[in-house]
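Down below is the structure, laid out as structure tokens.
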């Protein structure tokens, strides 16, 4: 019987050594993982592209984020990406003070675009264009709560060309969940 | 990253835990039907959601799933005699029926009715497809029986296996919705595995290692779309459905059978990885079925007589560094299933998610956790039954398709992503 068990469970060519998976993956070994901060603070830039997105964003800006900047478009008029340069995009901080897109985006690690409608595809393009030039990932979050499929499609389509990741969320509470997961 | 309290919430499934209660709202796979092949066959030990149980098929063909231990002195009923419509403890002859009701206490006068006062915890066990399913929750909230397509097509169209995975269910399940690892970890197998190779879609997978993701909520869970470049500006889409709490399907390749998984907690540090293959419109060929038995595709080879993979952590998963150098296997581990399992087990029994650094392409995982947490808390605090129980939530398929750039998959592939009896899977 003992012989059989050895044949079943142990390969003589692969004995279980101190550094082998059988030991290394145990709960007991987990406490020897090196305790240190394995990442530096990220620079996340969150842009609300419309009034609905701004309202959802304002609800969470006071939470203790790790350096995330929250920005809105200072007026809700459509932006023509052909004629609007980065310096021309009317951005604002939550306190209403003006923000500069290039200053915000320089050195950013991730750009998050929030939209609850498809009304500002032009602004999305201007922001994403700057992010693309700097090789910064752009994630789009379409807030779909209470909207028709058609309206959601319009929102999604407004960001599809620019976002490396696009999420359609039914509830606004996904915004803090996502930003927390991304260490924003 | 995930806060420790949320990680604990999602990974703990013993009785009385919030996620444990959530799993108990569903029919979950408990055994392969072939583990109880005939009436009065040997009973089988089963551990699910932190509960030690014994499964048996009585003389009348009724399946039972009851507390493993005799109510008299705590003997394991694995040693029991399965005979004459019940499972009898060999120690003093106490006998239980398929519901766990004690029906004989030989030492007591039959007229006393004493045995009526003894009842082991028992759960229903039903056969749907190749699988015996159980519902471990309140019978007043029992959902309709499972309607997953892989379990309801004709027997010759489907094959199911299970393997013991030595880590928490959540880190195993998260691998099932993490589409971006395929182009790396499984890149060698896409060229050689008989259940994967040869599909045109594989070329897109290998040519574009930076997929773009779209995550869309469905009533039962999520659709996670991965988009890669195809010809003439078109996109190659692969859509993975996830249905709560732990059902996933792999997007199909060519006319190969469609694969998928259930990830079911054994306890907090072990889970069952259930793997199925089926074809919606034709019988599996002899070659396909043999490949599955031989451990190809999402299946695996076993330590004989067990459900433990032949490649396991005791033998370093038979790591082959030469095969890695030759490019046959990106990680040096043979087989798609064990390529995944080896890495997921290496994280430790329950990965510490406070230390992880997710990136935006991990949004499928982020959203799945978010929905699990909400459902779990909703059930715990308000008694709201979670998504994924309704038959219509289970009528999903994975799909792969090339689309023009301006067509959202959610609309263009709406029909492809639902079960259509008699219609084959949408695949490239």
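For this structure, a couple of remarks:
- Gain on full stretching of the segment that runs from residue B:207 to residue B:377 - 0.36 nm per residue minus C-alpha separation: 57.0 nm
- Among B:196, B:23, B:276, B:307, a tally of other beta-carbon atoms within 10 Å of each Cβ gives an order, fewest to most, of B:307, B:23, B:196, B:276.
- At 1.306 mPa s and 10 °C, Stokes diffusion of the stretch B:23-148 via Kirkwood alpha-carbon radius, µm² per second: 108 µm²/s
- Model label zone, residue B:289; criterion: amide N under 15 Å from point 7 Å along Cα-to-beta-carbon; scope the stretch B:18-50: B:34
- Model label zone, residue B:117; criterion: amide N under 15 Å from point 7 Å along Cα-to-beta-carbon; scope the stretch B:52-82: B:71-72
- Percent of C-alpha pairs per 20 Å bin in the protein assembly as shown, short distances first: 18, 49, 26, 6, 0.
- Two-decimal Rg to Rh for chain B - Kirkwood Rh, Cα set: 0.99
- As a rough footprinting exposure proxy, the listed residues B:285, B:134 were ranked by other beta carbons within 10 Å of their own, and the order from fewest upward is B:285, B:134.
- Mean separation of Cα contacts under 8 Å, 6 or more apart, over the residue count of the stretch B:45-136: relative contact order %: 22 percent
- Treating r as the C-beta distance of residue A:66 and residue A:171 and R0 as 22 Å, the FRET efficiency rounds to 0.45.
- Label-point separation, residue A:59 to residue B:38 (7 Å along Cα→Cβ), nm: 6.2 nm
- Whole-angstrom gap from the stretch B:245-261 to the stretch B:73-126, using each part's C-alpha centre: 42 Å
- Put the Cα centre of the stretch A:48-106 next to the Cα centre of the stretch B:408-426 and the gap is 38 Å.
- Neighbour counting of Cβ atoms within 10 Å sorts the residues B:173, B:229, fewest neighbours leading, into B:229, B:173.
- Euclidean distance of C-alpha centroids, the stretch B:334-373 and the stretch B:1-43, integer Å: 19 Å
Throughout, read-outs are computed from the coordinates displayed, never taken from laboratory work. Keep in mind that what you see is a predicted model, and the values were worked out from it rather than measured. Cβ: placed from backbone, ideal geometry, glycine included. Neighbour counts: every protein chain shown.
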